[in-house]
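Participant: Have a look at this one before I ask anything.
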Amino acid sequence: MTRRNADHDAEVIVVGAGPAGSTAATYLARAGVDVLLLEKTEFPREKVCGDGLTPRGVKQLIDLGIDTSEDAGWVHSRGLRILTGELTLELDWPDLTSYPPYGVSRTRQDFDDLLAKTAVKAGARLYERTTVTGAITSPAGRVIGVEAKVGPEKTPVSYRAPLVLACDGVSARLALSVGIQKNEKRPMGVAVRQYYKSPRHDDPFIEGHLELWDRSDPRDPKLLPGYGWAFPLGDGTVNVGLGMLSTSAAFRSTDYRALLRQWLDGTPEEWGYREENAIGKVGGAGLPMGFNRTPHYRDGLLLLGDAGGMVSPFNGEGISAAMESAQLASEFVVQALARREGPSRERALEGYPRAVAELMGGYYRLGNVFAKLIGKPKVMHAATKYGLRINSILPLVYKGLSGCYDAKGGDGVDRLIAALARATPSPR
Ligand SMILES: Cc1cc2nc3c(=O)[nH]c(=O)nc-3n(C[C@H](O)[C@H](O)[C@H](O)COP(=O)(O)OP(=O)(O)OC[C@H]3O[C@@H](n4cnc5c(N)ncnc54)[C@H](O)[C@@H]3O)c2cc1C
């Protein structure tokens, strides 16, 4: 039985069926909410990504009831290998109360399809090939639905609901349509990736390259800007890519595809990261970080995942945050819908931005400071040259970078990260 009134097409409209949208739609549908999930593409479809999840992301899959075993098609990682020019460190994922001790990889072609199917199975109505062009607002400025174009004919349609969730990713078209701009002072990233056939496809570690070297002249290797990764996919291929933060001087002037080639041509031949082993095209996109778009709730519109700038400034991971924001948003939306429209419902909805800020805000504020520091090559080089050799600070670096720490309880390192996150002042 639906509680939706006759003027509405759903109780909640979710725009975008990426990790944020499909997760939110699943939780809402399971709670008995009538959800319309609008997606501009058609599944299965590719999405440019590193395809890697730390244990923090795996926890989200487990919460959704998804089987994360290797038998179910997930490639497990036991930890992170950190590489600099001179140093290689292999660190197992920490064993924590909050997160499992393994990460996973899976192409987004599969991953997003699986999440969307989970939402549909839960009861959400998924409309594919439906591009939302903007919000419909009431005379008082409240979001009461969305305008969309459907199918190849781009047939205009409108859908109405008392609440709308913007899960449309970095483009944030919906938020922009009601004037929610991004904060240019927060860091932004750009990342590119390419798939390679490689014997390293079943490596049990995912890799983070803290330094990228151009070795075209072996007598004079040059440090390149940016950071790289290699995430094995277990199917004969590895997802290899690099990213850069807006805090880096080279951010705007870089040809990212050329930079990827320059770096990979200097990696060992036997790894296979060469043009002849490349599959498909190099893909790239922006990484909206550190809460660069707020407020996360205003006038009937909630911002989730990339649409709310929720990529981690520490490591570029955005899937776990997208899913965490979806879990929180759905809790507050379910409570809100059980109240009359008006101040009491608004009070319930105001809980969402507070809960997101409590979960990620302090850690991201710390991350924004970190992003500023590592934008300076000298600071970054000193940190990798000396800092990573000090065994006692490694767990701090590792847990801090991966976001895999127990925010409550945990060991001394976990408590230190949580305390630093709390103590970092809000940026202006
Ligand atoms: C090169 C690269 C590598 C990355 N690697 C990783 C990684 O390894 N691990 C990780 O955790 N994160 C990674 N990220 C970040 C990660 O991809 C994002 O943070 C994550 O996808 C955010 O999820 P989301 O649901 O918020 O948005 P998205 O995944 O972008 O989903 C948005 C959805 O909305 C749809 N949509 C967009 N506009 C509209 C519209 N107008 N109407 C209807 N539908 C619309 C899109 O088609 C899409 O399905 C990487 C990003 C890049 C660019």
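Participant: Quick one: which residue in THR54, THR26 is within 11 Å of the ligand (Cβ to nearest atom) and in contact (Cβ under 8 Å) with a residue 60 or more places away in the chain?
Facilitator: Result: THR54 is the single residue among THR54, THR26 that is within 11 Å of the ligand (Cβ to nearest atom) and in contact (Cβ under 8 Å) with a residue 60 or more places away in the chain.
Participant: Same structure, new question: Out of all the residues in region 144-157, is one or more among the hydrophobic types (A, V, I, L, M, F, W, C), buried (at least 24 other Cβ atoms within 10 Å of the Cβ) and either at negative phi or at pLDDT 95 or above (or both)?
Facilitator: Yes, region 144-157 has at least one match.
Participant: Conditions first: (1) more than 24 Å from GLU46 (Cβ to Cβ); (2) among the hydrophobic types (A, V, I, L, M, F, W, C); (3) in contact with an Asp or Glu (Cβ under 8 Å, 6 or more places away or on another chain). LEU233 passes all but one, so which condition is the exception?
Facilitator: Evaluating LEU233 over (1) more than 24 Å from GLU46 (Cβ to Cβ); (2) among the hydrophobic types (A, V, I, L, M, F, W, C); (3) in contact with an Asp or Glu (Cβ under 8 Å, 6 or more places away or on another chain) leaves (1) as the failure.
Participant: Which members of region 186-209 meet the condition of being in a loop (DSSP other than H, G, I, E, B), modelled with pLDDT of 90 or more and not charged (D, E, K, R)?
Facilitator: SER198, PRO204
Participant: Can we say LEU287 is surrounded by 16 or more Cβ atoms within 10 Å (Cβ to Cβ), in a helix (DSSP H, G or I) and touching a strand residue (DSSP E or B) at 6+ places or on another chain (Cβ under 8 Å)?
Facilitator: no
Participant: Any residue in region 201-210 that is within 15 Å of the ligand (Cβ to nearest atom), crowded, with 19+ Cβ neighbours inside 10 Å and within 25 Å of ASP7 (Cβ to Cβ)?
Facilitator: So far as region 201-210 goes, no, none of its residues is within 15 Å of the ligand (Cβ to nearest atom), crowded, with 19+ Cβ neighbours inside 10 Å and within 25 Å of ASP7 (Cβ to Cβ).
Participant: Kindly indicate whether GLU11 is within 6 Å of the ligand (Cβ to nearest atom) and either open to solvent by less than 30 Å² (accessible area, probe 1.4 Å) or assigned by TED's automatic domain parsing to the domain that holds GLY308 (or both).
Facilitator: Against the criterion (within 6 Å of the ligand (Cβ to nearest atom) and either open to solvent by less than 30 Å² (accessible area, probe 1.4 Å) or assigned by TED's automatic domain parsing to the domain that holds GLY308 (or both)), GLU11 does not qualify.
Condition check ((1) part of a helix (DSSP H, G or I); (2) open to solvent by less than 80 Å² (accessible area, probe 1.4 Å); (3) assigned by TED's automatic domain parsing to the domain that holds ARG142) across all residues:
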| site | (1), (2), (3) |
| --- | --- |
| LEU349 | yes, yes, yes |
| ARG354 | yes, no, yes |
| ALA357 | yes, yes, yes |
| VAL379 | yes, yes, no |
| THR384 | yes, yes, no |
| LEU394 | yes, yes, no |
| VAL397 | yes, yes, no |
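Participant: For the list (1) within 16 Å of the ligand (Cβ to nearest atom); (2) over 30 Å from THR155 (Cα atoms); (3) open to solvent by 20 Å² or more (accessible area, probe 1.4 Å); (4) acidic (Asp, Glu), I need the number of the one condition that ASP71 fails.
Facilitator: The single condition ASP71 does not satisfy is (1).
Participant: Please count how many residues of region 29-48 are surrounded by fewer than 24 Cβ atoms within 10 Å (Cβ to Cβ) and near the ligand (Cβ under 9 Å from one of its atoms).
Facilitator: So the count comes out to 6.
Participant: Restricting to region 158-172, give me the number of residues that are in a strand (DSSP E or B) and open to solvent by 20 Å² or more (accessible area, probe 1.4 Å).
Facilitator: The total comes to 3.
Participant: Next question, about the same structure. Name the residue, out of ARG257, ARG293, ARG261, that is away from the ligand (no atom under 14 Å from the Cβ) and of a type outside the set (Ser, Thr, Tyr).
Facilitator: None of the other options fit; the residue is ARG261.
Participant: Among the listed residues ALA278, ALA307, ALA329, identify the single one that is assigned by TED's automatic domain parsing to the domain that holds PHE231 and within 16 Å of the ligand (Cβ to nearest atom).
Facilitator: ALA278
Participant: Further question on the same structure: Identify, by number, the condition in (1) in contact (Cβ under 8 Å) with a residue 24 or more places away in the chain; (2) more than 9 Å from the ligand (Cβ to nearest atom) that GLY151 doesn't meet.
Facilitator: It fails just one condition, (1).
Participant: Continuing with this model, one more query. Residues in region 129-142: is at least one at pLDDT 95 or above, assigned by TED's automatic domain parsing to the domain that holds ASP306 and touching a Phe, Trp or Tyr at 6+ places or on another chain (Cβ under 8 Å)?
Facilitator: The answer is no, given that none of the residues of region 129-142 is at pLDDT 95 or above, assigned by TED's automatic domain parsing to the domain that holds ASP306 and touching a Phe, Trp or Tyr at 6+ places or on another chain (Cβ under 8 Å).
Participant: Same structure again: Given the options GLY305, GLY309, GLY318, GLY280, name the one that is touching a residue at least 12 places away in the same chain (Cβ under 8 Å) and open to solvent by 20 Å² or more (accessible area, probe 1.4 Å).
Facilitator: GLY280
Participant: Please go through region 365-377 and pick out each residue that is small (Gly, Ala, Ser) and part of a helix (DSSP H, G or I).
Facilitator: GLY367, ALA371
Participant: For GLU90, all conditions in the list (1) more than 22 Å from the chain's Cα centre (by Cα); (2) assigned by TED's automatic domain parsing to the domain that holds ARG173 hold save one; what is the number of the exception?
Facilitator: Of everything listed in (1) more than 22 Å from the chain's Cα centre (by Cα); (2) assigned by TED's automatic domain parsing to the domain that holds ARG173, GLU90 misses just condition (2).
The values are calculated or read from the model by the stated rules, or taken from the named source; none is laboratory data. Bear in mind the structure is a predicted one, so any value in this text is a computation, not a measurement. Ideal geometry is used to build each Cβ from the backbone, glycine not excepted, and the neighbour counts take in all protein chains shown. These area figures cover heavy atoms from the full protein model, side chains too; ligands, DNA and RNA do not enter into them. Shrake-Rupley method; radii C 1.70, N 1.55, O 1.52, S 1.80 Å.
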